[in-house]
Amino acid sequence: MRRLLRVRTPPPPRFASSDRELHGECLAPGLYLHERVLPAADVPARLDGAFARCEPLPAEHLLFFDTETTGLAGGTGTRAFMIGAADWHAGALRVRQLTIVSLAAESAMLEAFRAWLSPVTVLVSYNGRCYDAPLLATRYRLARMRNPLEGLAHVDLLHPTRRRYRGVYENCRLATIERRVLGIVREDDLPGAEAPAAWLAYLRGGSAQPLRRVLAHNLQDVVTLSRLLRHLSALAIEGEAGAP
């Protein structure tokens, strides 16, 4: 399995950990759903889309998403083991995360994520147009399922962020932008590069604690996307107001 997933991990634990609880709702064998509702005050019905060179964005159609995967190389050997998504729902930010803890549960995860999408969904990501969306398209194709992302509008925040902040800060990585621009400081954050090993170690009987940290990391990613979109939209409005 280690060679199949192309993940370097420490040796498997000699004995299975007693800490195996992920606390989410089991949707199917090997598939867990974690859902949280967070405050989201004063979200306008439509957000200015000029920052992304597009029409105004209906807030109710936006779906912020991010995946945690078994590697960054892409290709058919890379799979998503976690899909996080957030949307503005009933006056709050709803965060839903799908996690698989067996390879056989992948199709159920893809089917569950498909149910969150509709023809009017506008995807919002950070480098997702080049990485997350193509990776999911590959997994749907390998599962012999229709790709529900095909044809959907997609706002990739990486590109407008680079246009605005390239040369201002040391780089435009999401962690840098959320710290420098949004004032978000993560505590006890598991680096994304360690997520594949945390997942594979859990599959081999290890503790759930590192995987719960991956969930926390992924949750913050999609929350940050919602805040960054609002920030860029507000800058666009300010620019329009200041234009001669």
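When semi-axes √(5λ) of the Cα gyration tensor in Å is calculated directly from the model, which label among (1) 40, 18, 16; (2) 32, 19, 17; (3) 24, 22, 18 fits?
Recomputing semi-axes √(5λ) of the Cα gyration tensor in Å here gives the entry labelled (2).
What's the FRET efficiency of Val37 with Val120 using the Cβ-Cβ distance as r and R₀ = 22 Å, to the nearest 0.05?
On the way: r = 22 Å, r/R0 = 1.01.
Calculated value: 0.50.
Rounding to the nearest 20 debye, state how big the charge dipole of the chain is about its Cα centre with +1 on each Lys and Arg Cβ and -1 on each Asp and Glu Cβ.
Charge dipole of the chain: 920 debye, to the nearest 20.
Quick check: residue separation of Tyr169 and Ser207 times 0.36 nm, minus the Cα distance between them. What number comes out in nm?
Gain on stretching Tyr169 to Ser207: 9.9 nm.
Residue farthest toward the positive end of the dipole of the stretch 93-244, with Cβ of Lys/Arg at +1 and Asp/Glu at -1: which of Trp199, Ala175, Val223?
Going by the charge dipole, the pick is Trp199.
Relative contact order for the stretch 20-232: what percent, with Cα pairs under 8 Å and sequence separation of 6 or more?
Numbers: 328 pairs, mean separation 49.6, N = 213.
Reported as a whole number, the value is 23 percent.
Taking loop as defined by DSSP and a crowding limit of 13 other beta carbons within 10 Å, which trypsin sites (Lys or Arg not before Pro) in the stretch 77-184 fit?
Answer in residue order: Arg144, Arg146.
What share of the DSSP beta bridges in the stretch 20-232 is antiparallel, in percent to the nearest 5?
80 percent
Could you sort 59-71, 40-52, 207-219 so that the peptide with the highest average Cβ count within 10 Å comes first and the rest follow in order?
59-71, 207-219, 40-52
Taking the Cα centre of the stretch 157-243 as origin, work out the dipole magnitude from +1 charges on Lys and Arg Cβ and -1 charges on Asp and Glu Cβ, in debye rounded to 20.
Computed charge dipole of the stretch 157-243: roughly 160 debye.
What's the center-to-center distance, using Cα atoms, between the stretch 29-74 and the stretch 177-242 in Å?
12 Å
Since every read-out is calculated from the coordinates, none of them should be taken as a lab result. Just so you know, these numbers come straight off a predicted model, no measurement behind them. Glycine also receives a Cβ, built like all others from the backbone with ideal geometry; neighbour counts cover every protein chain displayed.
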